[in-house]
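The block underneath contains the structure these notes are about, expressed in structure tokens.
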Amino acid sequence: MDEELKELADRFSQMADHYDEKHDSEEKWMYNACASLVIEHADPRPNDVVLDLGTGTGLIALALAEDASHVVGRDISEGMIEKAQAKAADRGMKNVEIGYGEFRDPQYDSKVDIVVSNFALHHLPDEEKREAIETIADLDPRRFVLGDAMFFGAPNPEEPLFGHGVDGATVGMLVDELTDAGFVMTAVERVHDQVGVLAAERDE
Ligand SMILES: C[S@@+](CC[C@H](N)C(=O)[O-])C[C@H]1O[C@@H](n2cnc3c(N)ncnc32)[C@H](O)[C@@H]1O
């Protein structure tokens with residue numbers, strides 16, 4: 001792992017124990033609205049394998065595991081991974097596998113039907129977002145659902161919603177990258193001017 005990524009991973013490890021309390025609260029309505037839409041659009045079938053990139057404490061992964069055949073979560077932060085693994089074990093979920101993996105190398109090369117990612121891709125600089133989308137397309141999923149910080153209008157530097165190094169992708173840029181990678185857009189959901197959910201599919 002390079003130094004910058006390690007720093008980010010360590011930062012998330014430090015907040016892992018309190019992440020759920022903070023995110024699962026009314027204070028984070030935007031996060032919760034986004035997470036609900038990602039779960040709704042992922043909509044796995046009973047035989048589907050789902051890959052959740054930047055899974056964190058597994059909020060999305062564990063929710064989808066109720067309906068999917070198998071859910072694989074990948075993250076760079078040891079603390080977040082341990083938290084997600086402990087939650088899956090506490091709930092007796094045997095169809096969830098959480099481990100180390102980066103957007104550029106998810107360390108997963110078996111069949112995957114649906115890829116999801118919630119509030120994680122924004123940590124990558126724009127050029128790496130494109131590479132991540134290409135890597136996801138190479139996994140050949142039927143569907144990709146992305147919830148994240150994204151600008152619906154022109155980015156306003158006076159109004160930074162996420163002040164922690166978010167590289168402001170516009171919705172247009174993400175849609176272009178998804179379509180260039182062979183996806184067809186099926187939904188564009190605006191949660192806020194700077195937060196949204198994109199769903200995209202490929203022919204089965
Ligand atoms: C804000 S949290 C979101 C976690 C989870 N998806 C959720 O909805 O609660 C962002 C997560 O992305 C992970 N992350 C950041 N950069 C990553 C990368 N390059 N590859 C994989 N995971 C990454 C972080 O470690 C962190 O757990």
Seminar exercise, completed: Along the dipole axis of the chain (charges at Cβ: +1 for Lys and Arg, -1 for Asp and Glu; origin at the Cα centre), the most positive-end residue among 186, 151, 8 is 186
For this session: Compare 193, 90, 17 in a GNM of the chain, Cα atoms joined below 10 Å, and give the one with the largest fluctuation.
Result: 90
For this session: Can you tell me the relative contact order of region 72-157? Whole percent, Cα pairs under 8 Å, sequence separation 6 or more.
Result: 28
Exercise. Per-residue HN-Hα couplings for region 132-140, Karplus 6.51 cos²θ - 1.76 cosθ + 1.60 at θ = phi - 60°, whole Hz, x for Gly and Pro?
Worked result: 5, 5, 5, 4, 5, 4, 5, 6, 6
Problem set entry | Residues in region 63-99 that a label on residue 128 would reach, taking backbone N under 18 Å of a point 7 Å out along Cα→Cβ | 74-81
Problem set entry | Computed [θ] at 222 nm, deg cm²/dmol, the chain (DSSP H ≥ 4; -39,500 (n - 2.57); rounded to nearest 500) | -12000 deg cm²/dmol
Exercise. Among 78, 128, 21, which one shows the biggest mean-square fluctuation in a GNM of the chain, springs joining Cα atoms closer than 10 Å?
Worked result: 21
For this session: Note down, for region 48-204, the three equivalent ellipsoid semi-axes (square root of 5 times each alpha carbon gyration tensor eigenvalue), biggest first, whole angstrom.
Result: 25, 18, 14
For this session: Can you tell me the relative contact order of region 37-110? Whole percent, Cα pairs under 8 Å, sequence separation 6 or more.
Result: 30
Exercise. What ranking do 130, 142 get, fewest neighbouring Cβ atoms within 10 angstrom at the top?
Worked result: 142, 130
Exercise. Using Cα pairs under 8 angstrom and six or more residues apart, how large is the relative contact order of the chain, in percent?
Worked result: 19
For this session: Give the long-range amide H neighbours of residue 97: residues separated by 5 or more places, or on another chain, with amide H under 5 Å away, using H modelled in the peptide plane at 1.01 Å from N.
Result: 71, 72, 73
For this session: Go through region 196-201 residue by residue and turn each phi into a ³J(HN,Hα) via Karplus (6.51, -1.76, 1.60, θ = phi - 60°); whole Hz please, and just put x for glycine and proline.
Result: x, 10, 10, 10, 9, 10
Exercise. If you rank 192, 70 by fewest surrounding Cβ atoms within 10 Å, what's the result?
Worked result: 192, 70
Exercise. Along the charge dipole of the chain, which of 63, 123, 174 sits closest to the positive end, that is, farthest toward it, with unit charges on the beta carbon of Lys, Arg, Asp and Glu (+1, +1, -1, -1)?
Worked result: 63
For this session: Taking 7 Å along the Cα-to-C-beta vector as the label spot, tell me the residue 69-residue 90 distance in nanometres, rounded to one decimal.
Result: 3.0
Seminar exercise, completed: Amide H proximity to residue 151 below 5 Å, modelled H, separation 5+ or other chain, gives 169, 170, 171
Exercise. Roughly how big is the chain's charge dipole about its Cα centre, with Cβ charges of +1 (Lys, Arg) and -1 (Asp, Glu), in debye to the nearest 20?
Worked result: 580
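Bear in mind these aren't lab numbers, they're just calculated from the coordinates by the rules spelled out. Everything numeric in this text was worked out from a predicted model, so none of it was measured. So basically every Cβ, Gly included, is an ideal-geometry build from the backbone, and we count neighbours across all protein chains shown.
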